[in-house]
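Trainee: What follows is a structure written as structure tokens; I'll ask about it next.
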Protein chains: 2
Amino acid sequence: MSLILTFLGKGSINRTKIAIAAAKLLASQGKRVLLAGLAEPALPILLNQTLAPDPQEIAPNLEVVQFQASVLLERNWEEVKKLEAQYLRTPIFKEVYGQELVVLPGMDNALALNAIREYDATGKYDAIVYDGTGDASSLRMLGLPESLSWYVRRFRQLFANSDLGKGINESPLIQPLISSFFNVNWTADNFAQPTNQVNNFLDKGKAALADPKRIAAFLVSTPDPIDVASSRYLWGSAQQIGLTVGGAIIVSSETNVNLSEEFAPLKLSVVPDSPTGDWQPLIDALPNFVEQAVQAPKPIEIDIHNRQVRLFLPGFDKKQVKLTQYGPEVTVEAGDQRRNISLPPALSGKPVAGAKFQNNYLIISF
Amino acid sequence: MSLILTFLGKGSINRTKIAIAAAKLLASQGKRVLLAGLAEPALPILLNQTLAPDPQEIAPNLEVVQFQASVLLERNWEEVKKLEAQYLRTPIFKEVYGQELVVLPGMDNALALNAIREYDATGKYDAIVYDGTGDASSLRMLGLPESLSWYVRRFRQLFANSDLGKGINESPLIQPLISSFFNVNWTADNFAQPTNQVNNFLDKGKAALADPKRIAAFLVSTPDPIDVASSRYLWGSAQQIGLTVGGAIIVSSETNVNLSEEFAPLKLSVVPDSPTGDWQPLIDALPNFVEQAVQAPKPIEIDIHNRQVRLFLPGFDKKQVKLTQYGPEVTVEAGDQRRNISLPPALSGKPVAGAKFQNNYLIISF
């Protein structure tokens with residue numbers, strides 16, 4: 001199991017520099033590191049190295065990979081075909097080549113997340129440093145296991161209770177028809193199997209995100225007020241998807257940066273704006289990532305004894321945070337992020353007794 | 001019909017400043033302008049204005065809207081429910097509230113594109129300036145009509161020819177079953193109707209993208225070499241989705257910028273790095289957007305007479321451009337973008353007779 005480290009912030013060249021320095025730092029500590037970046041020129045130019053869609057070693061303990069959505073899609077397509085062949089008697093997808101598939105919006109994110117999951121599962125790396133887009137889209141990506149699992153649990157139940165869902169299970173006409181096209185008897189149990197597989201994946205992703213020793217983000221900003229405001233917004237948005245933010249890294253040529261209040265209670269590291277290629281001053285100024293991530297506020301705390309859920313939502317004021325309960329779950333909205341809170345059985349389904357927003361915490365009582 | 005203008009480049013605060021200046025310039029020329037931005041703090045801080053998910057007038061001829069994916073999803077959900085109710089006898093989705101829906105990766109892009117389409121269709125605006133993410137993800141968004149229409153035409157045909165597809169049309173058992181759950185007889189014709197509706201949408205989107213008087217992008221860069229390389233990469237990638245890039249805007253405090261070669265044959269505008277709030281120097285340095293977009297190289301030219309297709313692919317070298325023909329169409333790969341070229345009947349299905357890459361053009365002969 002690797003530590004997965006990523007960076008959030010507006011200045012993308014600074015973010016990429018910090019990601020490189022972090023990868024070098026961890027590798028120098030003897031950790032086996034994979035630095036993963038996107039298909040664009042900044043990372044290869046800064047590393048002075050051609051990159052490929054498969055990891056290549058560029059220094060002791062340090063490998064680099066460039067995620068290319070087209071290549072990842074092509075590789076995953078083979079898996080999709082196998083899955084189809086398992087279920088459908090006469091597969092359709094087998095006639096489509098991975099090499100002709102076009103990337104649609106959102107696929108980049110889903111494919112990159114899946115690639116990180118696979119590299120993590122190989123056990124070959126102690127740390128994966130992901131140099132992604134560092135913006136709201138990165139948060140959608142890391143929030144995918146939780147958001148997708150909400151869709152699965154919400155719609156699966158509705159489908160099972162619907163006329164269509166019941167019809168498939170109960171109609172004497174449907175089963176023989178289905179077995180003429182599918183390799184499986186489409187009973188409730190068989191239908192549950194693939195969704196259970198998916199849920200298992202998603203649960204692992206959610207568990208990893210909830211553990212700051214497994215996945216953590218750090219903010220990267222300059223002292224520019226717009227940059228600071230954007231970083232604070234990303235900080236709050238990260239909490240909304242359950243991602244721990246371990247600290248703020250301020251890139252500045254002046255060491256006397258006064259931004260403690262803006263990012264309290266996070267620790268600040270001031271890193272010099274070093275010329276390209278001069279990595280050591282950056283590396284020396286970096287924080288201890290795991291130590292800080294473990295000490296940082298947890299995005300969510302569920303206190304069953306006191307029947308309370310506490311959500312840390314920095315960067316938002318009271319008016320920007322909304323609590324509703326339209327569906328079967330409690331929905332929290334802040335920034336442009338909506339989160340349905342999956343509660344443990346002791347609190348699940350209970351009506352909300354009260355809610356208050358103070359000191360950056362939304363406290364919900366049941 | 002509006003002119004839809006957007007900006008590509010790495011420095012997101014510069015990009016947002018240029019978008020604001022462009023909106024102000026067009027409004028000052030008497031055009032009715034909508035400036036559309038994302039849910040994050042840079043745009044409201046630069047405008048010194050709270051923004052909302054509905055357009056508000058901030059100056060004569062100038063309205064601003066902030067796209068919030070959660071709000072857009074909520075509004076679109078009502079349309080999805082109506083569509084479901086048209087087809088399914090006992091709708092399932094009606095029990096799910098728009099207010100509990102979570103945004104998944106890719107939805108931000110699809111929802112923003114749809115919102116732009118709707119604002120365009122109102123006829124209320126002569127120009128829509130979209131301040132998006134300005135990166136590869138923006139290109140996935142603008143390329144969506146073409147990429148999605150490929151999926152529709154490829155998979156629809158395969159499904160119709162498959163055992164499953166034929167079964168649905170021919171089996172005497174299936175029709176009565178379907179009519180017990182659905183409001184329509186699921187014959188081939190009826191099945192075609194919703195996909196035709198979708199195709200109609202997509203065709204309109206493709207036609208708009210192909211017309212530089214309707215949709216154009218401009219590159220925004222600083223003279224920093226990494227920034228320049230990233231902009232060139234985005235330029236080539238934009239050509240791959242069929243988006244016209246009308247020119248390059250270089251933000252620099254020095255007027256003597258020597259980057260003509262890097263962006264040739266595009267025209268360069270050097271815009272000062274103006275302090276926040278001082279818009280006039282920026283506005284004065286902006287190009288004539290439509291005039292330049294019309295003169296810029298077309299991403300694709302199809303010459304039926306000479307049986308040639310010419311694709312303009314700047315920023316890539318010969319090794320980065322790949323031409324394949326696995327499926328029924330010609331596939332061009334460059335950067336991390338794959339494009340299946342939908343050819344007119346005169347060339348469609350013809351084998352490729354030759355291909356060469358010279359002067360930034362991929363020339364395919366049939």
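The values are calculated or read from the model by the stated rules, or taken from the named source; none is laboratory data. Being a predicted model, the structure only gives us computed values, none of them experimental. No Cβ is skipped: glycine too gets one built from the backbone with ideal geometry, and neighbour counts run over all protein chains shown. Note: accessible area is taken over every heavy atom of the protein model, side chains too, but ligands, DNA and RNA are not part of it. Shrake-Rupley method; radii C 1.70, N 1.55, O 1.52, S 1.80 Å.
Trainee: Enumerate the helices (runs of 4 or more DSSP H) found wholly within the range B:247-295, keeping only those where 2 or more residues are of a type in the set (A, V, I, L, M).
Mentor: B:280-285, B:289-295
Trainee: In the range B:321-336, which residues are open to solvent by 70 Å² or more (accessible area, probe 1.4 Å) and farther than 13 Å from B:I363 by Cα? Talk me through it step by step, then tell me what you get.
Mentor: Step one: of the range B:321-336, the residues open to solvent by 70 Å² or more (accessible area, probe 1.4 Å) are B:322, B:325-326, B:328.
Matches in the range B:321-336: B:Q325, B:Y326, B:P328.
Trainee: Of the conditions (1) open to solvent by 40 Å² or more (accessible area, probe 1.4 Å); (2) not in a helix (DSSP H, G or I), A:E118 fails just one. Which one is it?
Mentor: Here A:E118 meets the rest and fails (2).
Trainee: Yes or no: B:D203 in a helix (DSSP H, G or I), more than 14 Å from chain A (Cβ to nearest Cβ) and either of a type in the set (V, I, T) or over 22 Å from B:A42 (Cβ atoms) (or both)?
Mentor: Yes; evaluated as a whole, the condition is true for this residue.
Trainee: I'm told B:D284 meets every condition in (1) over 30 Å from B:K17 (Cα atoms); (2) loosely packed, with under 15 Cβ neighbours inside 10 Å; (3) away from chain A (no Cβ under 14 Å); (4) charged (D, E, K, R) except one. Can you identify the failing condition by its number?
Mentor: (1)
Trainee: Then there is this: Any residue in the range A:97-105 that is out of contact with any helix residue (DSSP H, G or I) (no Cβ under 7 Å at 6 or more places or on another chain), more than 20 Å from A:I4 (Cβ to Cβ) and either more than 11 Å from chain B (Cβ to nearest Cβ) or of a type outside the set (V, I, T) (or both)? First the steps, then the outcome.
Mentor: In the first step, residues of the range A:97-105 are kept if they are out of contact with any helix residue (DSSP H, G or I) (no Cβ under 7 Å at 6 or more places or on another chain); the result is A:97, A:100.
Those left that are additionally more than 20 Å from A:I4 (Cβ to Cβ): A:97, A:100.
Imposing the further condition that a residue be either more than 11 Å from chain B (Cβ to nearest Cβ) or of a type outside the set (V, I, T) (or both) reduces the set to A:97, A:100.
The answer is yes; a qualifying residue exists.
Trainee: Hey, can you tell me all the residues within the range B:157-173 that are among the hydrophobic types (A, V, I, L, M, F, W, C) and either open to solvent by less than 70 Å² (accessible area, probe 1.4 Å) or modelled with pLDDT of 80 or more (or both)?
Mentor: Of the range B:157-173, the ones among the hydrophobic types (A, V, I, L, M, F, W, C) are B:158-160, B:164, B:168, B:173.
Those that are among the hydrophobic types (A, V, I, L, M, F, W, C) and either open to solvent by less than 70 Å² (accessible area, probe 1.4 Å) or modelled with pLDDT of 80 or more (or both): B:L158, B:F159, B:A160, B:L164, B:I168.
Trainee: Right, B:S231: among the hydroxyl-bearing types (S, T, Y), modelled with pLDDT of 95 or more and more than 25 Å from B:L43 (Cα to Cα) or not? Working first, answer last.
Mentor: On the way: among the hydroxyl-bearing types (S, T, Y): yes; modelled with pLDDT of 95 or more: yes; more than 25 Å from B:L43 (Cα to Cα): no.
No.
Trainee: Continuing with the same structure: Identify, by number, the condition in (1) open to solvent by 30 Å² or more (accessible area, probe 1.4 Å); (2) in contact (Cβ under 8 Å) with a residue 24 or more places away in the chain; (3) more than 8 Å from chain A (Cβ to nearest Cβ); (4) within 25 Å of A:R153 (Cβ to Cβ) that B:L113 doesn't meet.
Mentor: So B:L113 meets the others, but not (4).
Trainee: Would you confirm, using the coordinates I've provided, whether B:V96 is of a type in the set (V, I, T), within 24 Å of the chain's Cα centre (by Cα), over 30 Å from B:D284 (Cα atoms) and buried (at least 18 other Cβ atoms within 10 Å of the Cβ)? Spell out the reasoning first.
Mentor: Values: of a type in the set (V, I, T): yes; within 24 Å of the chain's Cα centre (by Cα): no; over 30 Å from B:D284 (Cα atoms): yes; buried (at least 18 other Cβ atoms within 10 Å of the Cβ): yes.
So B:V96 fails the test.
Trainee: Exactly one of these conditions fails for A:I58: (1) under 24 Å from the mean Cα position of the chain (by Cα); (2) surrounded by fewer than 19 Cβ atoms within 10 Å (Cβ to Cβ); (3) at pLDDT 90 or above. Give me its number.
Mentor: The single condition A:I58 does not satisfy is (1).
Trainee: Find all pairs meeting these conditions: Cβ atoms under 8 angstrom apart; at least six residues apart or on different chains; first residue within the range B:13-36 and within 14 Å of chain A (Cβ to nearest Cβ); second residue of a type in the set (D, E, K, R) and assigned to a helix (DSSP H, G or I).
Mentor: B:I13/A:D227
Trainee: Could you give me the residue pairs with C-beta distances under 7 Å whose first residue belongs to the range B:226-237 and is at the interface with another protein chain (Cβ under 7 Å from one of its Cβ atoms), whose second residue is β-branched (V, I, T) wherever it lies, and which are 6+ apart or on separate chains?
Mentor: Pairs found: B:I226/A:I13; B:I226/A:I45; B:A229/A:I45.
Trainee: Still on this structure: Pull up the range B:141-155, narrow it to residues that are touching a Gly at 6+ places or on another chain (Cβ under 8 Å) and part of a helix (DSSP H, G or I), then point me to the one that is least open to solvent (accessible area, probe 1.4 Å). Lay out the reasoning, then the answer.
Mentor: Applying the first criterion (touching a Gly at 6+ places or on another chain (Cβ under 8 Å)) to the range B:141-155 yields B:141, B:143-146, B:154.
So of that shortlist, the ones also part of a helix (DSSP H, G or I) come out as B:141, B:144-146, B:154.
Working: B:M141: 0, B:L144: 24, B:P145: 17, B:E146: 46, B:R154: 30 Å².
This residue is B:M141.
Trainee: Among B:S342, B:S365, which is more than 10 Å from chain A (Cβ to nearest Cβ), touching a strand residue (DSSP E or B) at 6+ places or on another chain (Cβ under 8 Å) and surrounded by fewer than 21 Cβ atoms within 10 Å (Cβ to Cβ)? Spell out the reasoning first.
Mentor: Values: B:S342 fails: touching a strand residue (DSSP E or B) at 6+ places or on another chain (Cβ under 8 Å).
Answer to the selection: B:S365.
Trainee: Kindly evaluate A:Y125 against the criterion of being among the aromatic types (F, W, Y) and surrounded by fewer than 21 Cβ atoms within 10 Å (Cβ to Cβ). Let's see the steps before the verdict.
Mentor: On the way: among the aromatic types (F, W, Y): yes; surrounded by fewer than 21 Cβ atoms within 10 Å (Cβ to Cβ): no.
No, not satisfied.
Let's see how each residue does on (1) surrounded by fewer than 19 Cβ atoms within 10 Å (Cβ to Cβ); (2) under 25 Å from the mean Cα position of the chain (by Cα); (3) in a helix (DSSP H, G or I):
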{"residue": "A:F316", "(1), (2), (3)": "no, yes, no"}
{"residue": "A:K319", "(1), (2), (3)": "yes, no, yes"}
{"residue": "A:R338", "(1), (2), (3)": "no, yes, no"}
{"residue": "A:S348", "(1), (2), (3)": "yes, yes, no"}
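Trainee: Follow-up question, since we're still on this one. Filter the range A:18-36 for residues that are closer than 17 Å to B:G11 by Cβ and open to solvent by 30 Å² or more (accessible area, probe 1.4 Å) and give the result.
Mentor: Within the range A:18-36, the first condition is being closer than 17 Å to B:G11 by Cβ, and the residues that meet it are A:18.
Once the filter is applied, which keeps residues that are closer than 17 Å to B:G11 by Cβ and open to solvent by 30 Å² or more (accessible area, probe 1.4 Å), the range A:18-36 yields nothing.
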